[in-house]
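Below you'll find the structure, written out as structure tokens, and then a few comments.
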Amino acid sequence: MKKEVAIVTGASSGFGLLTSLQLAKHGFCVIATMRNTENQSQLLYEAEQIGIKDNILIQQLDVTCSKSIQALQQNLLELNRIDVLVNNAGYASGGFAEEIPIEEYRRQFDTNVFGVIAVTQSVLPFMRTQRKGKIINISSISGQIGFPGLAPYVASKHALEGWSECLRLEVKPFGIDVVLVEPGSFHTNIWSTGKHIAEKSLRQDSPYFHSMKRIESYLESGQSSFGDPIEVARKVADIAKQKRPTLRYPIGKGIRTTLFLKHLIPWKRWERLFLSRLQ
């Protein structure tokens with residue numbers, strides 16, 4: 001395999017689909033993985049329209065299934081190289097912390113954290129042997145900023161950020177870069193899988209009912225300012241080609257200012273400002 005090889009998880013839609021296309025346009029052989037390969041049609045159609053279908057290989061991958069990850073690793077042995085891993089697969093669940101079953105927290109971490117770890121462990125031997133590679137983890141502004149009503153998702157992204165910091169320091173001596181891409185609000189379907197989790201907090205007998213409704217209204221009112229996910233895909237492709245990428249890449253309208261304020265002002269003031277927006 002002479003072409004650089006990139007793996008993208010969760011490639012059937014959203015950031016994953018667009019990132020696969022962007023990397024293929026940059027000349028990568030893209031192993032576009034998805035839990036259900038029946039959902040490959042949109043990706044392949046768009047790739048064919050722009051003449052890059054031959055640069056994309058579809059691979060079944062459930063990041064929560066060890067057998068599925070082992071099958072991916074066996075296929076990589078045939079290619080004998082992996083230059084870029086984009087850990088994108090994930091979903092978001094919401095609701096108020098008290099009312100979310102502990103099983104849902106486990107499911108959220110199983111995909112958003114343990115899935116990333118398992119897939120990364122499967123490709124690191126290739127990258128260490130090559131003494132080069134990039135691991136790009138799709139995080140979120142939620143990896144640095146908490147938000148009421150989204151505890152499982154926010155907690156999983158905080159965990160991902162901490163793990164990625166550790167991993168970057170561990171594998172940098174082997175020529176491997178670990179990168180976090182931190183999108184703000186973009187038009188994707190990430191909430192569609194876990195949205196039902198908020199149902200208990202939306203019942204009128206819930207002590208969090210009014211708070212949850214205010215949060216829903218706040219999120220819906222801001223949709224007009226959500227970014228185009230192609231911006232994130234282009235950023236990932238740009239990072240994949242960089243020689244010395246840094247650790248964090250916040251992206252989205254107002255994200256850098258928000259993060260700057262979060263780390264600058266005292267918590268009590270931040271808390272007042274944050275909660276006032278949800279009144």
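The values are calculated or read from the model by the stated rules, or taken from the named source; none is laboratory data. All values reported here derive from a predicted model rather than from experimental measurement. Using ideal geometry, Cβ is built from the backbone for each residue, glycine included, and neighbour counts are taken over all protein chains shown.
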>> Among the residues of the range 136-146, are any of a type in the set (Gly, Ala, Ser) and closer than 13 Å to VAL178 by Cβ?
In response: yes
>> Quick check on my filter: what residues within the range 128-158 are part of a helix (DSSP H, G or I) and among the aliphatic types (A, V, I, L, M)?
In response: ILE141, ALA151, VAL154, ALA155
> Among the residues of the range 206-217, which ones are surrounded by 15 or more Cβ atoms within 10 Å (Cβ to Cβ) and either basic (Lys, Arg) or in contact (Cβ under 8 Å) with a residue 40 or more places away in the chain (or both)?
Replying inline: SER206, TYR208, SER211, MET212, ARG214, ILE215
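The rows are residues; the columns are (1) surrounded by 11 or more Cβ atoms within 10 Å (Cβ to Cβ); (2) modelled with pLDDT under 90; (3) under 19 Å from the mean Cα position of the chain (by Cα).
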residue	(1), (2), (3)
ALA198	yes, yes, no
GLU220	no, yes, no
PHE226	yes, yes, yes
ARG234	yes, no, yes
ALA240	yes, no, yes
LYS243	no, no, no
LYS253	yes, yes, yes
HIS263	no, no, no
>> Among the residues of the range 241-276, what is the count of those that are outside any helix (DSSP H, G or I) and of a type outside the set (A, V, I, L, M, F, W, C)?
In response: 12
> Within the group PHE109, PHE114, PHE174, which residue is over 22 Å from ALA11 (Cβ atoms), among the aromatic types (Phe, Trp, Tyr) and at pLDDT 95 or above?
Replying inline: PHE174
> more than 24 Å from ILE136 (Cβ to Cβ), polar (S, T, N, Q) and part of a helix (DSSP H, G or I) - does that describe any residue in the range 224-240?
Replying inline: yes
> When you scan the range 95-135, how many residues do you find that are closer than 25 Å to ILE176 by Cβ and aromatic (Phe, Trp, Tyr)?
Replying inline: 3
> What number of residues within the range 133-161 satisfy the criterion of being of a type outside the set (A, V, I, L, M, F, W, C), within 17 Å of the chain's Cα centre (by Cα) and farther than 21 Å from ILE102 by Cβ?
Replying inline: 7
